[in-house]
Amino acid sequence: MNAVLSQNASAEPDAGNVRRAGADLAVLSLSKAFGGVHAVEDLSFHIRAGTIHSVIGPNGAGKTTLFNLITGLYQPDQGEVLLNGQSVQGMPPERLARLGMSRTFQNLQICMNMSAVENVMLGRHLHLKRNFLAALLRWPSLRRSERACREQARELLCFVGCEAYLEAEASAMPYGALKRLEIARALATEPGILLLDEPAAGLNSAETAALERLIQRVADQGVTVVLVEHDMKLVMAVSDQVLVLDYGRKLAEGTPQEVRHNPDVIAAYLGG
Ligand SMILES: Nc1ncnc2c1ncn2[C@@H]1O[C@H](COP(=O)(O)OP(=O)(O)OP(=O)(O)O)[C@@H](O)[C@H]1O
Ligand SMILES: [Mg+2]
């Protein structure tokens, strides 16, 4: 458990001064088609370690498909993805998790028949796939590691602002808290890069403001953040770089200021 996450269980823990090694991501000439639909087409970009990089674009532009390609859920028709300079072609999501990649989903993927803490613990177990037989043979150490895992889950829930739900069943939590729970679960694998697919969808403005601070605190620890989001206020506030997709292709890329004033973006996406 990262020392930063474990300190200060108040509503807004400080980022502290311990940093993780954020991961560097490169996407090279990536393409994926579904039938005649070119969901992602010849897309290349680079995300520097420790930065917040947003991916925006109209509905159907290919943002979620891009996440599914990066995280190993889909195999590309062409192109490749490099994590810290190494090709991760063909690797399944759990292997990518062990290499430090973690994500949330556009549609909540929470186990509603489990508690908030168990959901976060599950995130760690499922994705890091411990050797359970070895663990069983040394079961006192397994018990210790279970305790540590539970403690880490509680700390992560505090970190994301879910301290009111430490004893809660997921089914009893409001939607905004479930969105934060999903981020806590993604952080449970201690990722170097975190991909968030529309984390602000369905949140009110106060919740979105809290999310903005949370994303900033994650990045302050050195974790690379890739953010797919329709909330332009959030995107413009937190991003170091913004990539604009249109019909699976790169329309523009730059700082929030550059993208905001790009005539192609204004014409095609922001609507003037
Ligand atoms: N599994 C799939 N099978 C067939 N078509 C798909 C599949 N996944 C995505 N598509 C198509 O690919 C295109 C890109 O979809 P994608 O979900 O990546 O867009 P998006 O940018 O995430 O949109 P939104 O903002 O609505 O979430 C769309 O035309 C979509 O219908
Ligand atoms: Mg999507």
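The values are calculated or read from the model by the stated rules, or taken from the named source; none is laboratory data. Bear in mind the structure is a predicted one, so any value in this text is a computation, not a measurement. All Cβ positions, glycine included, derive from the backbone under ideal geometry; neighbour counts span all protein chains shown. Protein only, heavy atoms only, side chains kept; ligands, DNA and RNA dropped before computing areas. Shrake-Rupley method; radii C 1.70, N 1.55, O 1.52, S 1.80 Å.
Carbon and sulfur together cover what percent of the accessible area of region 25-270 at a 1.4 Å probe radius? Write out the running numbers ahead of the final one.
Working: 5560 of 10730 Å².
Of all accessible area on region 25-270, carbon and sulfur atoms account for 52 percent.
Relative contact order of region 25-270: 28 percent, from C-alpha pairs under 8 Å at least 6 residues apart in sequence. Residues whose amide H falls under 5 Å from that of residue 251, counting only those 5 or more places apart or on a different chain, are 244, 245, 246, with hydrogens built in the peptide plane.
Annotation: amide H of residue 52 within the under-5 Å range of 225, 240, 241, sequence separation 5 or more or interchain, hydrogens built in the peptide plane. When you restrict to C-alpha pairs under 8 Å that are six or more residues apart and normalise by the size of region 159-272, the relative contact order lands at 18 percent. A simple spin-label model places the labels of residue 148 and residue 114 2.0 nm from each other, with each point 7 Å out along Cα-to-Cβ. Probing with 1.4 Å while keeping every protein chain in the model, the per residue accessible area of region 25-270 equals 44 Å². Backbone amide hydrogens, once placed in the peptide plane, bring residue 115 within less than 5 Å of 170, excluding anything fewer than 5 places away on its chain.
First select every other residue whose beta carbon is under 11 angstrom from the beta carbon of residue 250; then total the charges, Lys and Arg +1, Asp and Glu -1.
With Lys, Arg at +1 and Asp, Glu at -1, the neighbours total -4.
Residue by residue, region 155-164 carries 3J(HN,Hα) couplings of 5, 5, 4, 5, 4, 8, x, 9, 5, 6 Hz when phi is fed to the Karplus relation 6.51 cos²θ - 1.76 cosθ + 1.60 (θ = phi - 60°); x denotes Gly or Pro. If a spin label sat at a point 7 angstrom from the Cα of residue 48 along the line to its beta carbon, the backbone N atoms of region 234-251 nearer than 13 Å would be those of 240-242.
Rounded to the nearest Hz, the phi-derived 3J(HN,Hα) couplings of region 239-256 under the Karplus curve 6.51 cos²θ - 1.76 cosθ + 1.60 (θ = phi - 60°) are 7, 7, 9, 10, 10, 10, 9, 8, 6, x, 10, 6, 8, 6, 7, x, 5, x, where x marks glycine and proline. Here the 3J(HN,Hα) profile of region 207-212, calculated from phi with Karplus coefficients 6.51, -1.76 and 1.60 at θ = phi - 60°, is 5, 5, 5, 5, 4, 4 Hz, Gly and Pro shown as x.
Across the alpha-carbon atoms of region 25-270, the computed radius of gyration and Dmax are 18.5, 63 angstrom. Here the peptides 146-152, 113-119, 240-246, 63-69 are ranked by packing, the mean other Cβ count within 10 Å, and the order with the highest first is 63-69, 240-246, 113-119, 146-152.
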